[in-house]
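Heads up: the structure comes next, in structure tokens.
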């Protein structure tokens, strides 16, 4: 596509109850049909973190923040799917920054494949931990990695509830056009 910087609008395809829109670089993103008429007034682009943004009133604003109002101290989160390009209301929720941290993706330096589970060489045990309200809770030391994972997942269910990010399994990604 030619010079996308001069583009003043986003292309789109209207579906039954949502709209597939395209950024300046033809990257697809989703909005609800009911929000389309507000959203189409601005030219949206994807920032370096994968969020959709537009200049509104002289300021850069995220599409998810534009669509959902929240009180001071709250943020808009892309639910558990983490699809930043899916800005339909079913994929957005309001919460605190602390809750949002509960569903972070696994760290790139994690070697166990599960957040909060690590191997302690000095004890020759798998250790399970979880952080709650800025405090670390030791969930136990286990001979078996699967037992440590189970303890961590049970603690996530107890403490994080719907905000838990199940990073121990491959997750099915929503595909546009399927």
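Every number here is computed from the coordinates shown, using simple stated rules; none is lab data. All figures in this text were calculated on a predicted structure; none of them were measured in a lab. As a convention, Cβ positions derive from the backbone with ideal geometry for all residues, glycine included, and neighbour counts pool all protein chains shown.
Computing FRET efficiency as 1/(1 + (r/R0)^6) for residue 133 and residue 20, where r is the C-beta to C-beta distance and R0 is 41 Å, gives about 0.55. Here the spin labels are modelled as points 7 Å beyond Cα on the Cα-Cβ line, and at residue 158 and residue 41 they lie 4.9 nm apart.
Computed from label points 7 Å out along Cα-Cβ, the spacing between residue 124 and residue 12 is 6.3 nm.
Can you give the translational diffusion coefficient of segment 4-100 in µm²/s, computed by Stokes-Einstein from the Kirkwood radius over Cα pairs at 10 °C and 1.306 mPa s? For these conditions, the coefficient is 116 µm²/s.
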